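Worksheet: the structure to be examined is printed underneath.
The values are calculated or read from the model by the stated rules, or taken from the named source; none is laboratory data. None of the values given here were measured: they were computed from a predicted structure. We place every Cβ from the backbone using ideal geometry, glycine too, and count neighbours over all the protein chains shown. Side chains included, ligands, DNA and RNA excluded: accessible areas come from the protein's heavy atoms. Shrake-Rupley method; radii C 1.70, N 1.55, O 1.52, S 1.80 Å.
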Amino acid sequence: MNTEKIFMDAKNPDIGDAEKAGKILRNGGIVAFPTETVYGLGASAFDEDAVKKVFEAKGRPNDNPLIVHIADFDDIKPLVSDLPQAAEKVMKNFMPGPISMVLKKSSLIPNAVSAGLDTVAVRMPENAAARAIIRAAGVPVAAPSANTSGKPSPTEAKHVIADLDGKIDMIVDAGACSVGVESTVLDLTSDIPTVLRPGKITAPMLERVLGKVNAPDSITTPDSETPKCPGMKYKHYAPKARVVIIEYTKLETMTEELKKLIWAEQRSGAMAAVMSDGACDYSFADAVLLCGSSPDEYAKNLFKTLRDFDEIGADVVFAPLCWTSPVMSAVRNRIYKAAANNIIRL
Ligand code: TXA
Ligand code: MG
């Protein structure tokens, strides 16, 4: 299949271009489009065949439900059977933005989207190009991240091209995503709202509006459990290199330990790289890529930097981390999976 590529302005989208993408979606095709978090691979949420094409293109297990994306507040009511007060508060305070609400679904949501659950995750992205495309489609758009399952999520169109060129109808390029980690998934079907996947909208931000919010400490769900957020049980975000996290508090202790680890890797012939947090120059490594010098910057560049290590051919990537701000829950949730929980605590 020839994958058409078009460019759009993330802030001032051209309506004609949005209509090109919208028409494909409306007619049962699949389109990769930008959001503020990561690129999504969209299909009409009402078209079961189109939704199946999304699972196929990504190689996604079909027990993992999709988030349904809407353009305007009025679009939500038909998709859900109940809109609790907490949902109204989330909409008022955080939407459009990087958050998805899990609610009881209406009969309009096919099983292919909800993977047989009686709930649906709904999200209204802030990215204006995304909203223009969804609005032009005239249907809600079911969209997982536009990567091959198991790879780091795409935060630039070139990542989508690397994974999905030739497998989907269109890729809309609107530059790099500003947030960089996927939306917070918030379950509003339980008595106490529960964060199923941490993101840029953090538990403390939600608590200020909703009162008590559960945000489980465990950042990975053991495979043996039936997870409430099915996607969390799969190994994710894995680059080709082995990733090793170094959780540290004292810079000096960490650099001494890291030097030893890197020498050991080098002696066995491995190319040993560091994903830098900007705390020092890490010049003793074979390669250093700066991910970010602040939690927000680190989140924005995380997936891109993991992909960049593949390009330079790193065998092992050490990722020193020391920040504790709330957005780091989202970062750790992703990077611990990329590292298959290979963590050294100093
Ligand atoms: O930021 C995002 O959320 C991006 C952009 C494209 O919007 N989308 C995204 O989709 O990350 P995906 O499919 O890669 O991740 C969706 C996550 C999965 O872990 C899935 O299991 C969970 O949301 N999810 C979807 N529907 C759910 C539901 N009804 N109940 C619980 N978890 C759900
Ligand atoms: Mg994903």
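Whole Å is fine, so just give me how far the alpha carbon centre of the range 239-294 lies from that of the range 124-163. Going from one Cα centre to the other spans 32 Å. With θ taken as phi - 60° and the Karplus curve 6.51 cos²θ - 1.76 cosθ + 1.60 applied, the whole-hertz 3J(HN,Hα) list for the range 148-157 is 5, 3, x, 8, x, 4, x, 10, 9, 4 Hz, x standing for glycine and proline.
Hydrodynamic analysis of the range 34-139 uses the Kirkwood radius over alpha carbon pairs. Inserted into Stokes-Einstein at 20 °C and 1.002 mPa s, it gives a translational diffusion coefficient of 153 µm²/s.
Counting only DSSP H runs of at least 4 residues, each contributing -39500 (n - 2.57), and dividing by the residue count of the chain, the helix-based mean residue ellipticity at 222 nm comes to -9500 deg cm²/dmol.
The amide H of Gly40, built 1.01 Å from its N in the peptide plane, has Phe33, Thr35, Ala146 as neighbours under 5 Å, considering only residues 5 or more places off or on other chains. In the full protein context, the range 1-70 carries 44 Å² of accessible surface per residue, based on a 1.4 Å probe and ignoring ligands, DNA and RNA. In percent, rounded to a whole number, the relative contact order of the chain is 20, using alpha-carbon pairs under 8 Å and six or more apart. Can you give me the % of accessible surface on the chain that is carbon or sulfur? Probe 1.4 Å, all protein chains present, nothing else counted. For the chain, the apolar C and S fraction of the accessible surface comes to 50 percent. Within the chain, DSSP assigns beta bridges of which about 35% are antiparallel (rounded to the nearest 5). Using the Cβ-Cβ distance between Leu108 and Arg267 with R0 set to 45 Å, the FRET efficiency works out to roughly 0.15.
Only Lys, Arg, Asp and Glu count, each charged at its Cβ (+1, +1, -1, -1), so figure out the dipole size of the chain about its Cα centre, rounded to 20 debye.
The calculation lands at about 380 debye.
Spin-label pair Ala287-Thr253: with each label point 7 Å from Cα along the Cα-Cβ axis, the two points sit 3.1 nm from one another.
Per residue, the solvent-accessible area of the range 243-320 (1.4 Å probe, heavy atoms of protein chains only, all protein chains present) comes to 42 Å². Karplus-derived 3J(HN,Hα) values for the range 189-198, using 6.51 cos²θ - 1.76 cosθ + 1.60 with θ = phi - 60°, are 9, 9, 4, 9, x, 10, 7, 8, 9, x Hz; glycine and proline are entered as x. Take 88-98, 116-126 and order them by the average number of nearby Cβ atoms within 10 Å per residue, most first; the result is 116-126, 88-98.
Tally Lys and Arg at +1 and Asp and Glu at -1 over the other residues with C-beta under 12 Å from the C-beta of Arg123: what net charge comes out? Summing Lys and Arg as +1 and Asp and Glu as -1 gives -2. For the range 73-227, the solvent-accessible area of protein heavy atoms averages 40 Å² per residue (probe radius 1.4 Å; ligands and nucleic acids excluded). The listed peptides 294-302, 258-266, ordered by packing as a protection proxy, come out as 294-302, 258-266 (highest mean of other Cβ atoms within 10 Å first). Rounded to whole numbers, the Karplus 3J(HN,Hα) couplings from phi for the range 290-298 are 6, 8, x, 9, 9, x, 5, 5, 4 Hz, using 6.51 cos²θ - 1.76 cosθ + 1.60 with θ = phi - 60°, and x at Gly and Pro. Between Cys280 and Ala162, the FRET efficiency from the beta-carbon distance, with R0 = 51 Å, is close to 0.95. Lysine pair count for the range 1-122 with Cα-Cα distance under 15 Å and sequence separation of 8 or more or different chains is 6. For Lys167, the aspartates and glutamates whose Cα comes closer than 16 Å to its Cα, not counting residues fewer than 8 places off in the same chain, are Glu4, Asp49, Glu56.
Annotation: amide H of Val274 within the under-5 Å range of Ala287, Val288, Leu289, Phe318, sequence separation 5 or more or interchain, hydrogens built in the peptide plane.
Placing dummy labels 7 Å off each Cα toward the beta-carbon, the span from Ile343 to Glu19 is 5.1 nm.
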